[in-house]
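Q: Okay, here's the structure, questions in a sec.
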Amino acid sequence: MEYKYEMRLVLSKLGILEEHRSNLLATIWARGERLTTNESKEFLHEKLEEGIIDEEQQQTLIKIVDNYTVRR
């Protein structure tokens, strides 16, 4: 639940268009939870290439993914 609150706030502060926020929020989490955090990061790279986010936004979102990663 903390992830959703933090991510919504960050997506807004980063100025990411409203129409992309829900997709980013859900897909980053889903790929990280169901697959690997590398899949989440690859998704962010795809969005960078598509021009949906810029490099600074990508790096900020990757930091959030890393902060919520549980290492075993």
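Q: Taking θ = phi - 60°, what integer Hz values does the Karplus form 6.51 cos²θ - 1.76 cosθ + 1.60 yield along segment 16-21, in sequence order, with x for Gly and Pro?
A: 6, 4, 3, 5, 9, 4
Q: Report, in degrees rounded to the nearest 10, the 0 to 90 angle that the Cα long axis of helix 2-13 makes with the longest principal axis of the chain.
A: 20
Q: A further question on this structure: Putting +1 on Lys and Arg Cβ atoms and -1 on Asp and Glu Cβ atoms, find which of Gln59, Ala26, Asn38 reaches farthest to the positive end of the dipole of segment 2-67.
A: So the residue furthest toward the plus end is Ala26.
Q: Another question, then. Please work out the Cα center distance from segment 35-54 to segment 13-28, rounded to the nearest Å.
A: 12
Q: With 10 angstrom as the radius, rank Met1, Met7 by how many other C-beta atoms surround their C-beta, starting from the fewest.
A: Exposure proxy ranking, most exposed first: Met1, Met7.
Q: Listing Arg21, Arg34, Arg8 from the residue with the fewest other Cβ atoms within 10 Å to the one with the most, what is the order?
A: Lowest to highest Cβ neighbour count: Arg34, Arg8, Arg21.
Q: Across segment 36-53, in residue order, what do the Karplus-derived ³J(HN,Hα) couplings come to in whole Hz, using 6.51 cos²θ - 1.76 cosθ + 1.60 with θ = phi - 60° and x for Gly and Pro?
A: 9, 5, 4, 5, 4, 5, 5, 4, 5, 5, 4, 5, 5, 5, 6, x, 7, 10
Rule-based calculations on the coordinates, nothing more; no lab input. Computed from a prediction, not measured in an experiment: that's the story for all the values here. No Cβ is skipped: glycine too gets one built from the backbone with ideal geometry, and neighbour counts run over all protein chains shown.
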